[in-house]
């Protein structure tokens, strides 16, 4: 621990009280990693596909995709019925607090919806029915206002 050796230094006093540690004063510990070695986390987008954008490979149909055809179409179809291209949606399954929740995200129209149920099968059944009947309560994402002074 370093100390500035100045009598009644307010910065050392804050360090002794555990409030904040200032460089060169009581309680400050030099970091073991240099400033140049910072942790950088990036998203890996996966391999780049050749061909036109939004082209989806054909996935083999399974029992699940046959049973939940509207959900499968939502997450796998690369075009609308009229032939115009679309970005496939995503489905996220969360379990917690005794409930199963599904998050449906329509990336093409930037809409999201949450569905909740007591079991995984019930959640997928509710999502299938809601997509089939057009009864999904879609919401736009909340935009955080830009408060920077740039």
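Gain on full extension, evaluated as 0.36 nm per residue between residue 92 and residue 121 minus their Cα-Cα distance, stands at 9.0 nm. A simple packing score, the average count of other Cβ atoms within 10 Å per residue, orders the peptides 73-84, 115-126 as 115-126, 73-84, with the highest score first.
Residues of region 115-133 falling in the label zone of residue 75, defined by backbone nitrogen less than 11 Å from a point 7 Å along Cα to beta-carbon, are 124.
Overall shape: prolate for region 63-133, with the ratio a/c of the largest to smallest alpha carbon gyration tensor axis at 1.5 or above and a/b above b/c.
Each reported figure results from applying straightforward, stated rules to the coordinates on display, with no laboratory input. None of the values given here were measured: they were computed from a predicted structure. Please note: Cβ atoms are built from the backbone with ideal geometry, for glycine as well, and neighbour counts cover all protein chains shown.
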